[in-house]
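Written below as structure tokens is the structure these notes are about.
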Amino acid sequence: MDQITYCDYYDSPLGKMLLTANDHALTGLHFVGEKYYPAIDPAWRHRADARLIVRIRLQLDEYFAGDRQAFDIAVEPAGTEFQRVVWRALQKIPYGVTENYGALANRPHRAQSARPTGVIRFRL
């Protein structure tokens with residue numbers, strides 16, 4: 001049986017975002033209008049009251065209010081193996097720390113990957 005994908009919008013201080021989640025994890029977080037904004041799948045259920053959507057929204061509120069530095073929601077974005085490696089590396093960057101693309105590319109031991117890492121970074 002396929003998992004249900006829930007979606008809803010979140011008005012962040014940085015702009016409107018689309019949140020997507022299944023029953024277990026955040027599957028996507030996109031700024032509306034971004035270059036890689038996904039097409040809304042007709043099978044997705046627009047549910048502001050979906051359990052995980054509610055938790056994501058609350059944690060984003062706390063983060064933008066300055067009261068949260070880490071999220072405790074599982075993340076399962078769809079992507080290539082390379083993209084998943086980079087996203088895992090991004091999740092290890094501590095709050096308030098900035099890393100350049102070269103340093104980030106070296107985390108998954110792919111020194112030649114700085115440019116692709118930069119492209120992926122903006123898709124998150």
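Every number here is computed from the coordinates shown, using simple stated rules; none is lab data. Bear in mind that the values here come from a model prediction, so they are computed numbers and not experimental data. All Cβ positions, even for glycine, are placed from backbone atoms using ideal geometry, and neighbour counts span all protein chains on display.
Roughly how many nanometres apart are two label points built 7 Å out from the Cα toward the Cβ at Ala48 and Ala74?
Distance between the two pseudo-spin positions: 2.7 nm.
Quick one: which residues, 5+ away or cross-chain, put their amide H under 5 Å from the amide H of Asn22? H built at 1.01 Å from N.
Amide H neighbours of Asn22, under 5 Å, 5+ apart: Tyr6, Thr27.
Quick check: pseudo-label points 7 Å beyond the Cα along Cα→Cβ at Ala39 and Lys16, how many nm apart are they?
2.1 nm
Taking R0 as 35 Å, what's the FRET efficiency between Asp2 and Ala65 from their Cβ-Cβ distance, rounded to 0.05?
Numbers: r = 36 Å, r/R0 = 1.02.
Step by step, r from the Cβ atoms, then E = 0.45.
Short version: what are the Cα gyration tensor semi-axes of the range 7-98, square root of 5 times each eigenvalue, largest first, in whole Å?
Taking √(5λ) for each Cα gyration eigenvalue gives 20, 18, 14 Å.
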